[in-house]
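Trainee: First the structure, then my questions, so here it is.
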Ligand SMILES: CC(C)(COP(=O)(O)OP(=O)(O)OC[C@H]1O[C@@H](n2cnc3c(N)ncnc32)[C@H](O)[C@@H]1OP(=O)(O)O)[C@@H](O)C(=O)NCCC(=O)NCCS
């Protein structure tokens, strides 16, 4: 699938498809219990310290956490994103895309759907940490309007590495003007 063919639409309006092309349709919507096992597998593929199935199930029950899933036409999980709401801002805790679904705009669609949630809930910014060496994610965030706020030296373990902090401020917030 060519990225230019991907059309992002309707992401602010709930469970209808948000990212569509003629051959492949992806919908972003709140994660369901039926996607938890696939999400736990994806955690293990994506991260050195993955969330367990139990942690993901706990997150589903936590009113402070938003979990969004990107699913294909066959209901398979292509990717997901998790965000904590804390004191009027959103912290993106995890964002992962199945290796077979990458470079097709899935992470971008998830971020855009999360931003629609943040705007609806009047959060003043979204923020996150990313490994300094994770060029793919850093490019993704920069392309989606996130700017670097600083570095947390030696923040990550397995292996030890600096974290770069990125934020996206929303219009009307102190820094978003
Ligand atoms: C980082 C990640 C989420 C990107 O997901 P994705 O669905 O492939 O991202 P998108 O298709 O929306 O990419 C949007 C843009 O980001 C950049 N990008 C994404 N992956 C890239 C890569 N491997 N190399 C360079 N740039 C990349 C590109 O600019 C891309 O646009 P393009 O394809 O038109 O060039 C995915 O690679 C992943 O799950 N990685 C492992 C987990 C991880 O690192 N999560 C982030 C933790 S903070």
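Trainee: Would it be correct to say that residue 21 is at pLDDT 95 or above and either out of contact with any helix residue (DSSP H, G or I) (no Cβ under 9 Å at 6 or more places or on another chain) or farther than 26 Å from residue 170 by Cα (or both)?
Mentor: Here the answer is no, as residue 21 does not meet what is asked.
Trainee: Identify all residues within the stretch 49-58 that are buried (at least 20 other Cβ atoms within 10 Å of the Cβ) and assigned to a loop (DSSP other than H, G, I, E, B); write none if there are none.
Mentor: Once the filter is applied, which keeps residues that are buried (at least 20 other Cβ atoms within 10 Å of the Cβ) and assigned to a loop (DSSP other than H, G, I, E, B), the stretch 49-58 yields only 51.
Trainee: Right, next: Give all pairs with beta carbons closer than 7 Å in which a residue from the stretch 96-110 that is over 10 Å from residue 140 (Cβ atoms) and touching a residue at least 24 places away in the same chain (Cβ under 8 Å) meets a residue that is more than 6 Å from the ligand (Cβ to nearest atom) and in a helix (DSSP H, G or I); count only pairs at least 6 apart in sequence or on separate chains.
Mentor: That search, which allows pairs on different chains as well, returns 96/42; 96/43; 98/42; 99/45; 109/11.
Trainee: In the stretch 22-48, which residue that is under 16 Å from residue 96 (Cα atoms), within 15 Å of the ligand (Cβ to nearest atom) and part of a loop (DSSP other than H, G, I, E, B) is farthest from the chain's Cα centre (by Cα)?
Mentor: In this case the residue turns out to be 48.
Trainee: Still on this structure: Out of everything in the stretch 124-143 that is surrounded by 16 or more Cβ atoms within 10 Å (Cβ to Cβ) and under 20 Å from residue 171 (Cβ atoms), what residue ends up being farthest from the chain's Cα centre (by Cα)?
Mentor: Checking each candidate, the answer is 124.
Trainee: What strands (runs of 3 or more DSSP E), lying completely within the stretch 59-146, carry at least 2 residues that are over 18 Å from residue 165 (Cβ atoms) and within 11 Å of the ligand (Cβ to nearest atom)?
Mentor: 77-86, 89-97
The values are calculated or read from the model by the stated rules, or taken from the named source; none is laboratory data. Since this is a predicted model, take the numbers as computed values, not measurements. Reconstructed Cβ throughout: ideal geometry from the backbone, glycine too, with neighbour counts over all protein chains shown.
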